[in-house]
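The values are calculated or read from the model by the stated rules, or taken from the named source; none is laboratory data. Predicted model, so just to flag it, every value in this text is computed and none were measured. FYI the Cβ positions are ideal-geometry reconstructions off the backbone, even for glycines, and counts take in every protein chain you see. Just so you know, the surface numbers come from the protein's heavy atoms only, side chains and all, with ligands and any DNA or RNA stripped out. Shrake-Rupley method; radii C 1.70, N 1.55, O 1.52, S 1.80 Å.
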Amino acid sequence: MARAGRRPGQTETREQILAAARAQFAELGYDGATIRGIAAKASVNPALVHHFFGTKERVFLAALELPLDPAVIVPALVEGPRAQFGERIVRLFLTVWGDPQTRAPFLAMMRTITTNEQAARMLKQFLERQVLARVAAGLGVSPLRVAAAASHMVGLALFRYVVQVEPLASADVEEMVATVAPIIQAYVDETA
């Protein structure tokens with residue numbers, strides 16, 4: 001077991017934990033990695049991992065440098081009138097992807113998951129459990145419908161911000177919300 005307490009002298013403990021977390025997530029996936037395993041790989045006490053990050057979800061977010069925290073995003077999507085879900089998710093995606101500072105980590109992630117099977121597996125497990133399942137439960141709809149809505153949004157983001165297909169690339173956000181939100185809303189307006 002790793003020693004308890006602070007390491008003597010100058011330390012880069014947070015960065016060592018992140019490096020260990022990246023290695024654990026890459027090797028074992030999101031589901032297989034544990035706080036204890038990350039701590040052991042970083043040669044620190046698990047309490048130190050909790051001190052810096054709190055939860056496995058937050059370690060994952062920091063390790064992958066994702067700008068969105070599901071603890072914030074999921075409630076923002078599921079709270080409020082259900083009939084406005086489409087508007088909320090489209091506006092959120094366009095706002096996040098539209099900001100060059102938050103777009104950069106998403107672009108890096110998209111490039112990584114299309115060329116790295118381990119990264120794709122980690123993100124898949126994380127999205128299924130920490131985002132899609134929570135949104136589906138919060139809305140009371142099937143995970144298939146939520147995943148379909150999410151895939152539509154990722155496609156929109158790729159066309160608008162990566163490939164920059166016109167007129168999508170230059171359309172006003174509110175025009176995009178008015179155009180796309182009804183389609184996204186149809187995914188969650190499940191009748192059976």
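Within region 24-47, which residues are part of a loop (DSSP other than H, G, I, E, B) and either crowded, with 20+ Cβ neighbours inside 10 Å or among the acidic types (Asp, Glu) (or both)? Result: Ala33, Val44.
Scan region 169-192 for residues that are open to solvent by 60 Å² or more (accessible area, probe 1.4 Å), part of a loop (DSSP other than H, G, I, E, B) and either of a type in the set (Ser, Thr, Tyr) or within 24 Å of Thr114 (Cα to Cα) (or both) and the total you get is 2. Looking across Val141, Val96, Val59, Val146, one residue alone is farther than 25 Å from Tyr187 by Cα, among the β-branched types (Val, Ile, Thr) and open to solvent by less than 30 Å² (accessible area, probe 1.4 Å). It is Val59. Residue count for region 46-101, restricted to those that are in contact (Cβ under 8 Å) with a residue 24 or more places away in the chain and small (Gly, Ala, Ser): 6.
Among the residues in region 64-85, are any of a type in the set (Phe, Trp, Tyr), modelled with pLDDT of 80 or more and either closer than 30 Å to Asp172 by Cβ or under 12 Å from the mean Cα position of the chain (by Cα) (or both)? Yes, that holds for at least one residue. Against the numbered list (1) over 14 Å from the mean Cα position of the chain (by Cα); (2) in a helix (DSSP H, G or I); (3) among the acidic types (Asp, Glu), Glu166 comes up short only at (2).
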